[in-house]
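Just so it is clear, none of the values below were taken in a lab; they were calculated from the coordinates. Keep in mind it's a predicted model, so treat the numbers as computed, not measured. Cβ coordinates were reconstructed from backbone atoms using ideal geometry, including for glycine residues, and neighbour counts include every protein chain displayed.
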Amino acid sequence: MNTDEIYGNKKNISYIRWKELIHSINEFTTIGLNRESLYDIYYDSLSVLSKFPKFDKSAFFILNNSFSFELTITNPNNYLNEFNEIFDYLVETGDIGHALDTSKSININLEEKDEIQKNIFIVPLRTSKLIVGIILIIHNNRLGELDQLFYQFVGLFANLIGTTIENFHFKNELEISKSSLEQKIAMRTLDLAQSRREIKAIFDSVLAGIIVFDLSINKIVRVNPMACKIIGDSESNIVGKNIFDYLDYFNYSNLNDFPKNENYFESFLITKDKTNKQILRNITRIPLNNRVLINESFVDISKIKEAEYTLNEANQILEQKVIERTEDLQIIVEQLKEEIKVRVAAEAKIRKMYEEQKELNDLKTRFVSMISHEFRTPLTLIKSSAQMVTKFKDVLTINEKINYLDRISHSVDSLTDMIENVIFIGKNESNKYNVNNEYFDFKIFIDGIINFFQLNSIENIEFELNISNLSEQIYTDKRLLRIILNNLISNAIKYSKNNPKICIEAKIEADNLIISVTDFGIGIPPNELDRIFDLFYRAKNVNTIKGTGLGLIVVSESLQKLEGRIEYKSIINEGSVFSIFIPLKNENIY
């Protein structure tokens with residue numbers, strides 16, 4: 001065999017060797033993150049390294065939680081002791097430290113340590129952020145054969161290994177985050193479903209008939225049980241029909257001409273059997289995105305009208321009797337006086353019933369409007385945030401997902417506060433709330449309330465707390481005091497967004513616990529100060545600031561339970577001060 005044939009065979013063998021190496025690297029990359037464990041990545045990496053020309057043995061030393069390098073795997077797998085000895089030797093010579101400091105691969109000749117010629121290739125194993133390990137490779141290449149290109153090739157594969165390890169960790173973290181997020185979304189979805197059921201329960205329990213009409217499609221979209229009862233038909237038959245199939249015609253374009261809180265009027269309703277019923281009718285316009293909903297609420301006053309008709313008829317008969325019985329005038333006059341008293345009393349009773357019906361209808365209409373407006377915004381935010389997280393869960397960053405979940409949580413807290421105020425008013429009106437006094441540390445109590453607002457408010461609120469002349473323990477109803485302060489501080493934050501500083505002062509004076517809450521917000525118009533404790537009333541200068549009009553009435557009724565009182569003063573665009581006075585007996589204080 002001649003020289004050309006020998007070199008030709010060597011070239012063919014080298015070509016086949018490199019081809020196998022490239023194929024192994026390609027296969028390593030293709031498998032990617034489909035491996036089940038980090039050990040599989042280490043094992044496959046060493047398998048690829050064994051394909052490099054004259055690479056004899058290799059091992060992974062991985063940085064553990066104690067920040068020390070630990071031998072994880074070798075190829076072949078029975079050289080643990082040999083590699084541990086080599087690693088310790090390279091640490092002593094400083095070669096390992098040099099490779100870590102420079103983050104570069106270096107080649108070491110171990111001829112001085114062993115009688116047999118042996119070369120060690122030290123390759124730092126890097127991720128995008130830090131070094132996570134070291135690869136030691138025992139090879140038989142002469143130093144001249146390891147040129148710069150070969151160094152770079154091995155270094156590139158080491159970087160590929162590091163990237164694969166980093167991606168594997170990221171994949172595991174992402175799957176954990178995904179699982180946690182899916183659980184939170186499921187919980188928020190359940191909360192949203194519960195909120196919808198509660199709103200439906202309120203809608204269905206209103207004693208006035210309610211028909212919701214979509215002006216854009218000219219169809220009835222919702223109807224409550226009371227409306228079905230008055231009409232005498234089922235919900236399935238009513239929904240989808242035109243509003244004027246049941247109610248007298250009204251030009252909704254003139255709805256804005258009605259005076260506020262006075263847009264109720266007498267009308268008639270067409271029942272299922274085509275008879276007309278007299279009703280007291282109220283109309284509310286509800287803009288909702290690209291739709292306009294009309295809320296028609298009404299109360300059946302046909303019986304009241306019948307009573308009025310009966311009364312008028314009785315008066316006519318009475319007048320006729322006076323004319324016909326002039327000869328027995330004295331007796332008839334006395335009889336008439338008694339009958340007139342009865343008629344006047346009946347008429348006054350009927351008028352009172354009529355006015356009460358009007359007032360009840362107006363109150364219920366304002367409640368429904370408030371609920372539909374105040375619940376719609378947080379519910380819309382919850383739904384949109386949940387949809388964003390569900391639809392773009394693979395695209396959003398962790399911070400963006402947390403932001404959407406924070407929005408859902410804040411909206412749920414807002415709904416909970418509104419429901420708690422409504423429940424308190426309901427219990428108070430039915431005398432189901434009993435005062436439950438107890439001893440507690442006021443400083444810890446007020447700090448907890450302030451921390452709650454700082455953690456759950458979007459605005460960066462500055463609180464200034466001043467407590468003087470106050471014992472550590474006080475004796476009063478802790479829950480009622482929390483309700484009072486939550487509403488006062490919530491109002492202070494809500495109406496002072498341009499200057500979010502809240503001052504709270506607490507002291508005991510003349511056996512009274514005195515707490516003042518001061519804000520520097522928009523203030524209350526002087527001509528409206530006398531109405532701020534009316535149910536659902538809100539000052540005209542609140543503009544688009546959200547609110548229910550329940551907070552101060554809850555504060556007032558809570559103070560009545562505690563036999564306390566409230567004082568307040570306010571200046572437009574300068575702020576408001578609300579001070580509460582709760583009597584404390586001497587034996588109630590430590």
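Sorted from fewest to most neighbouring beta carbons within 10 Å, what does the list Ser45, Ser556, Ser205 look like?
Result, fewest neighbours first: Ser205, Ser556, Ser45.
Beyond 22 Å between alpha-carbons counts as too far, so tell me which of Lys219/Lys383; Lys171/Lys391; Lys349/Lys561; Lys54/Lys129 fall in that bin.
Long pairs (Cα-Cα over 22 Å): Lys219/Lys383; Lys349/Lys561; Lys54/Lys129.
What is the extension gain from Asn469 to Asp447, computed as 0.36 nm multiplied by their sequence separation minus the C-alpha to C-alpha distance, in nm to one decimal?
This chain segment gains 6.2 nm when fully extended.
Taking the Cβ of Asp44 as the centre, find all other residues whose Cβ is under 14 Å away and add up their charges (Lys, Arg: +1; Asp, Glu: -1).
For residues surrounding Asp44, the net value is -1.
Excluding Gln320 itself, what net charge comes from residues whose Cβ is under 14 Å from its Cβ, given Lys and Arg +1 and Asp and Glu -1?
Cβ neighbours under 14 Å give a net charge of -2.
Taking other Cβ within 10 Å of each residue's Cβ, how do Arg222, Arg291, Arg281 sort, fewest first?
Ascending number of Cβ neighbours within 10 Å: Arg291, Arg222, Arg281.
Could you pull out every residue, at least 5 positions away or on a different chain, whose amide H is within less than 5 Å of the one on Ile108? Hs are placed 1.01 Å off N in the peptide plane, and Pro or chain starts have none.
When sequence neighbours closer than 5 places are left aside, the close amide H contacts are Ile120, Phe121, Ile122.
Taking 7 Å along the Cα-to-C-beta vector as the label spot, tell me the Asn527-Lys501 distance in nanometres, rounded to one decimal.
3.2 nm
Going by how many other beta carbons lie within 10 Å of each one, how would you line up Tyr309, Tyr42, fewest first?
Ranked by crowding around the Cβ, least crowded first: Tyr309, Tyr42.
Each residue of the range 222-236 in order: what ³J(HN,Hα) in whole Hz does its phi give by Karplus 6.51 cos²θ - 1.76 cosθ + 1.60, θ = phi - 60°, with x for Gly and Pro?
The phi angles translate into 9, 8, 9, x, 5, 5, 4, 5, 5, 6, x, 9, 7, 4, 5 Hz.
Taking the Cα-to-Cβ direction at Ala346 and at Asn399 and moving 7 Å from each Cα, how far apart do the two end points lie in nm?
It is 7.7 nm.
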